[in-house]
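Participant: Here it is, the structure in full.
The values are calculated or read from the model by the stated rules, or taken from the named source; none is laboratory data. Quick caveat, the model's predicted, so the values are computed rather than measured. As a convention, Cβ positions derive from the backbone with ideal geometry for all residues, glycine included, and neighbour counts pool all protein chains shown.
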Amino acid sequence: MYNESSDFLYHEKEVNSFYDLFNSCGISLSPQMIVLDVGAGLGMHAAYLAQKFSEVYCADIINYSTLYDRALIKLLEEKYRRNNLSVPMERIRFFETDATNLFFENDFFDLSISINSLEHISDPHQALAEMLRVTKPGGYIYISFDPIWTADSGSHFFHLVPQPWEHLLLNKEQFIAKMVCSGASNDDVKDFSEGINRFRLSQYENIIEELLRNRKAILEYKDRYVGTIEPDHMYHPNYERAISIDFGRLELLVRRLRFILSKPSHSFNRKAIFWHHSHLFRNKIHQIIAEILVRRDIARLELIRLRNRKQF
Ligand SMILES: C[S@@+](CC[C@H](N)C(=O)[O-])C[C@H]1O[C@@H](n2cnc3c(N)ncnc32)[C@H](O)[C@@H]1O
């Protein structure tokens, strides 16, 4: 059952973990920053962002101006108040605009973020290019999203079809039939059919690699969360079945991607190129270490799985 206050707590945790990550990377976030939230939904993160930053722009394909009979702002204010949140509403603006063709001018934002939306955007490559376009040189981009399509609950409808990785094993129609049997609404079916881009881990990684190679962005931080939503999913026969149809062990277990990019300054002079290359080198080392740690995690999980073979 939906619980509004837990939903707020969840979003607050996500915003705090983003602040903590910037802090641990030594990047300071100043209150004067103008912030863009791409795929912002119904302003749950905006409540917390507006307490810290002077201007928060929420961008989404949602038709904000007609939503709730044009009463979105009033209803949001009530919702924030109900949850004892003191939110300076004048700092938040809502824009109906597609992430792949953002309404905003070049070099406008100090910080562009997107939380839990990249896997829903049909062309994440173009969305990232757009986020870079509207971010000021020297500004930052923060992305975090899960579950990736290839994760155990990557269908986003695990509550209706609770067999892990089932969406990778069935075709679209078969999966929808299962959803409908469990009471899916027409909106659920539409969301499953059209609202997830079905990108695989390597596709996301290629997008980032290409941005770095072409010097469109500098990678400040990247991590991946490895795991399943239920510990015993690794013993489920669907795990091996998915591997047998060519999904990688690693991609089936990576649930979340998180990264911070910065936009290079206009004058990409020799000194900047030197810094860019030393960044790339440092990132490569980080990537190798991260890969070793992820593989160690997977090996550990596999070992536990083999020790505790279970029948389903
Ligand atoms: C799972 S919701 C996340 C909302 C919000 N970030 C949160 O965590 O509460 C994904 C959001 O992405 C938005 N979205 C999907 N495709 C989009 C696009 N092409 N451009 C902008 N937003 C998009 C959806 O409308 C939806 O609000």
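Participant: Could you tell me whether any residue of segment 60-71 is in a helix (DSSP H, G or I), surrounded by fewer than 21 Cβ atoms within 10 Å (Cβ to Cβ) and of a type in the set (A, V, I, L, M)?
Facilitator: Yes, there is a match, as at least one residue in segment 60-71 is in a helix (DSSP H, G or I), surrounded by fewer than 21 Cβ atoms within 10 Å (Cβ to Cβ) and of a type in the set (A, V, I, L, M).
Participant: Under 9 Å by Cβ, and 6 or more places apart or on different chains, what pairs join a residue from segment 47-59 that is closer than 14 Å to residue 14 by Cα with one that is β-branched (Val, Ile, Thr) and within 14 Å of the ligand (Cβ to nearest atom)?
Facilitator: That search, which allows pairs on different chains as well, returns 47/15; 47/92; 48/15; 49/15; 49/35; 49/56; 49/92; 49/113.
Participant: I'm trying to understand the selection: among the residues of segment 102-141, which are acidic (Asp, Glu) and either assigned to a loop (DSSP other than H, G, I, E, B) or under 14 Å from residue 198 (Cβ atoms) (or both)? Before the answer, list the steps.
Facilitator: Filtering segment 102-141 for residues acidic (Asp, Glu) gives 105, 107, 110, 119, 123, 130.
Matches in segment 102-141: 105, 107, 119, 123.
Participant: Let me ask something else about it. Within segment 10-28, can one find any residue that is over 22 Å from residue 264 (Cα atoms) and buried (at least 18 other Cβ atoms within 10 Å of the Cβ)?
Facilitator: Yes, segment 10-28 contains at least one residue that is over 22 Å from residue 264 (Cα atoms) and buried (at least 18 other Cβ atoms within 10 Å of the Cβ).
Participant: Does segment 99-116 hold any residues that are more than 11 Å from residue 59 (Cβ to Cβ), more than 7 Å from the ligand (Cβ to nearest atom) and polar (S, T, N, Q), and which are they?
Facilitator: Within segment 99-116, just 106 meets the criteria.
Participant: Another question, then. Given the criteria within 23 Å of residue 218 (Cβ to Cβ) and assigned by TED's automatic domain parsing to the domain that holds residue 33, does residue 119 qualify?
Facilitator: Working: within 23 Å of residue 218 (Cβ to Cβ): no; assigned by TED's automatic domain parsing to the domain that holds residue 33: yes.
So residue 119 does not fit the description; no.
Participant: Right, here's the next one. Select from segment 160-202 the residues that are of a type outside the set (D, E, K, R) and within 14 Å of the ligand (Cβ to nearest atom) and write down the one among them that is nearest to residue 61 (Cα to Cα).
Facilitator: Out of the qualifying residues, it is 195.
Participant: I'm trying to understand the selection: among the residues of segment 216-248, which are acidic (Asp, Glu) and at positive phi?
Facilitator: 246
Participant: Let me ask you something else. Considering only residues that are free of Cβ contacts under 8 Å to residues at least 24 places away in the same chain and either on the phi > 0 side of the Ramachandran plot or in contact with a Leu (Cβ under 9 Å, 6 or more places away or on another chain) (or both), which ones fall in segment 76-118?
Facilitator: Listed by number, the list holds a single entry, 84.
Participant: Any residue at all in segment 79-94 that's at pLDDT 95 or above, hydrophobic (A, V, I, L, M, F, W, C), part of a loop (DSSP other than H, G, I, E, B) and within 12 Å of the ligand (Cβ to nearest atom)?
Facilitator: No - not one qualifying residue is present in segment 79-94.
Participant: Given the options 182, 112, 153, name the one that is of a type in the set (S, T, N, Q) and surrounded by fewer than 21 Cβ atoms within 10 Å (Cβ to Cβ).
Facilitator: On the way: 112 fails: surrounded by fewer than 21 Cβ atoms within 10 Å (Cβ to Cβ); 153 fails: surrounded by fewer than 21 Cβ atoms within 10 Å (Cβ to Cβ).
Just a single option satisfies the conditions, and that option is 182.
Participant: Find the residue count for segment 142-190, including only residues that are among the small types (Gly, Ala, Ser), in contact with a Lys or Arg (Cβ under 7 Å, 6 or more places away or on another chain) and in a loop (DSSP other than H, G, I, E, B).
Facilitator: Narrowing segment 142-190 to residues among the small types (Gly, Ala, Ser): 144, 151, 153-155, 177, 182-185.
Now restrict to residues that are in contact with a Lys or Arg (Cβ under 7 Å, 6 or more places away or on another chain): 144, 151.
The next check asks that each one be in a loop (DSSP other than H, G, I, E, B); those that pass are 151.
The number of residues fulfilling the criteria is 1.
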